[in-house]
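Participant: Provided herewith is a single structure, encoded as structure tokens, for subsequent inquiry.
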Amino acid sequence: MYLSSVRLDLNALSRAELFDVLDGGAYTAHQLLWRLFPDIPKGERPFIFRQEMEEDANGKSAGLPRFYVGSNRPLELVKGFEVQCKPFDPQLARGERLAFRLRANPTVAKPAGEGRRSHRADVLMDARYPFPKGERTSQACVEAMDAAARHWLDERAESLGFSLPVRPEVGAYRQHALVKKEGGQPIRYSSVDYEGLLEVNDPERLRETLRDGIGRAKAFGCGLLLLRRVSE
């Protein structure tokens with residue numbers, strides 16, 4: 001595995017690419033990052049990523065995008081990109097606690113009736129649905145949506161190689177609509193940012209999770225699990 005930090009030379013982008021990336025456009029970002037992986041066989045997806053905006057010394061947004069990229073091969077050095085790429089083989093121990101950050105697309109399969117295929121539903125919207133329209137901004141509704149987001153991650157944690165010893169923070173819930181080409185149907189998905197503490201239950205399985213990511217919408221900047229060690 002490799003973990004990389006990537007910055008773009010904004011002057012090398014077209015006007016459309018520039019505005020889209022600055023607006024958080026995940027499809028454009030994904031297409032740009034593909035340039036760092038030339039000669040990849042069709043159908044293979046060698047990387048997952050997360051986009052963030054850099055902060056200045058005062059902790060305020062500097063308005064410049066930076067990408068964290070997890071990949072199964074080193075990134076190529078390509079004009080227009082500033083790349084810091086390092087091999088990533090964390091030594092994990094059962095019972096160890098690590099700080100984590102994750103941007104994920106929490107969905108659940110919902111039955112569509114007899115003889116029909118199930119469909120994917122946004123977990124937070126599914127939790128919001130039972131509330132009457134006039135109560136969907138209430139504290140009770142917000143708490144139900146947050147609880148649903150936490151439950152989605154908690155019920156998957158064991159199979160991903162970790163547990164959640166404390167309740168993670170949930171924030172930055174967003175709904176996205178991406179259009180690949182003019183006149184095409186938009187691709188709709190949601191994202192949620194998680195941050196907190198995890199405990200390693202299965203080191204090898206957690207390494208696979210770091211490589212493969214969590215959940216869906218990985219082509220749109222979701223799924224990359226970022227870890228850091230915490231002081232005792």
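Participant: Name, by its number, the condition in (1) more than 20 Å from residue 192 (Cα to Cα); (2) in contact with a helix residue (DSSP H, G or I) (Cβ under 7 Å, 6 or more places away or on another chain); (3) touching a residue at least 40 places away in the same chain (Cβ under 8 Å); (4) not polar (S, T, N, Q) that does not hold for residue 96.
Facilitator: Evaluating residue 96 over (1) more than 20 Å from residue 192 (Cα to Cα); (2) in contact with a helix residue (DSSP H, G or I) (Cβ under 7 Å, 6 or more places away or on another chain); (3) touching a residue at least 40 places away in the same chain (Cβ under 8 Å); (4) not polar (S, T, N, Q) leaves (2) as the failure.
Participant: Here's a follow-up. Here is a list of conditions, (1) in a helix (DSSP H, G or I); (2) open to solvent by less than 20 Å² (accessible area, probe 1.4 Å), and residue 70 meets all of them except one; can you say which number that is?
Facilitator: Condition not satisfied by residue 70: (1).
Participant: Okay, moving on. Of all residues in region 97-123, how many are more than 20 Å from residue 212 (Cβ to Cβ) and either at pLDDT 90 or above or open to solvent by 40 Å² or more (accessible area, probe 1.4 Å) (or both)?
Facilitator: So the answer is 11.
Participant: Here's a follow-up. Return yes when residue 207 is out of contact with any Pro (no Cβ under 6 Å at 6 or more places or on another chain), open to solvent by 70 Å² or more (accessible area, probe 1.4 Å) and within 15 Å of residue 100 (Cβ to Cβ) and no when it is not.
Facilitator: The answer is no for residue 207.
Participant: Criterion first (of a type in the set (A, V, I, L, M) and touching a residue at least 40 places away in the same chain (Cβ under 8 Å)) does residue 197 satisfy it?
Facilitator: Against the criterion (of a type in the set (A, V, I, L, M) and touching a residue at least 40 places away in the same chain (Cβ under 8 Å)), residue 197 qualifies.
Participant: Turning to a different aspect of this structure: Would you confirm, using the coordinates I've provided, whether residue 20 is within 30 Å of residue 197 (Cα to Cα) and either modelled with pLDDT of 90 or more or not aliphatic (A, V, I, L, M) (or both)?
Facilitator: Criteria not met by residue 20.
Participant: With open to solvent by 50 Å² or more (accessible area, probe 1.4 Å), in a loop (DSSP other than H, G, I, E, B) and within 30 Å of residue 66 (Cβ to Cβ) as the only criterion, which of 91, 84 stands out? Give the derivation first.
Facilitator: Working: 84 fails: in a loop (DSSP other than H, G, I, E, B).
Sole residue among the options that is open to solvent by 50 Å² or more (accessible area, probe 1.4 Å), in a loop (DSSP other than H, G, I, E, B) and within 30 Å of residue 66 (Cβ to Cβ): 91.
Participant: Of all residues in region 124-171, which are in contact (Cβ under 8 Å) with a residue 60 or more places away in the chain and exposed (fewer than 14 other Cβ atoms within 10 Å of the Cβ)?
Facilitator: Within region 124-171, just 165 meets the criteria.
Participant: May I ask you to list pairs of residues, at least six apart or on different chains, whose Cβ atoms are under 9 Å apart, with the first in region 17-46 being on the phi > 0 side of the Ramachandran plot and the second being part of a helix (DSSP H, G or I) and crowded, with 16+ Cβ neighbours inside 10 Å?
Facilitator: Cβ pairs passing all conditions: none.
Participant: For region 14-39, give me each residue that is open to solvent by 30 Å² or more (accessible area, probe 1.4 Å) and either among the hydrophobic types (A, V, I, L, M, F, W, C) or in a helix (DSSP H, G or I) (or both). Please lay out each step first, then the result.
Facilitator: Kept after step one, since they are open to solvent by 30 Å² or more (accessible area, probe 1.4 Å), are these residues of region 14-39: 14-20, 22-24, 27, 31, 34-35, 38-39.
Within region 14-39, 15, 16, 17, 18, 19, 20, 22, 27, 31, 34, 35 meet the criteria.
Participant: Taking residue 226 as meeting all but one of (1) surrounded by 20 or more Cβ atoms within 10 Å (Cβ to Cβ); (2) in contact with a strand residue (DSSP E or B) (Cβ under 6 Å, 6 or more places away or on another chain), write down the number of the exception.
Facilitator: Checking residue 226 against (1) surrounded by 20 or more Cβ atoms within 10 Å (Cβ to Cβ); (2) in contact with a strand residue (DSSP E or B) (Cβ under 6 Å, 6 or more places away or on another chain), the one that fails is (1).
Participant: Those residues that are more than 19 Å from residue 28 (Cβ to Cβ) and among the small types (Gly, Ala, Ser), I need them from region 152-201; list them, please.
Facilitator: Within region 152-201, 157, 159, 161, 163, 171, 172, 196 meet the criteria.
The values are calculated or read from the model by the stated rules, or taken from the named source; none is laboratory data. Quantities reported herein were computed from a predicted structural model and do not represent experimental measurements. Every residue, glycine as well, gets a Cβ built from its backbone with ideal geometry; the counts of neighbours run over all protein chains shown. For the accessible areas, the whole protein counts, side chains as well, though only heavy atoms, and no ligand, DNA or RNA atoms are used. Shrake-Rupley method; radii C 1.70, N 1.55, O 1.52, S 1.80 Å.
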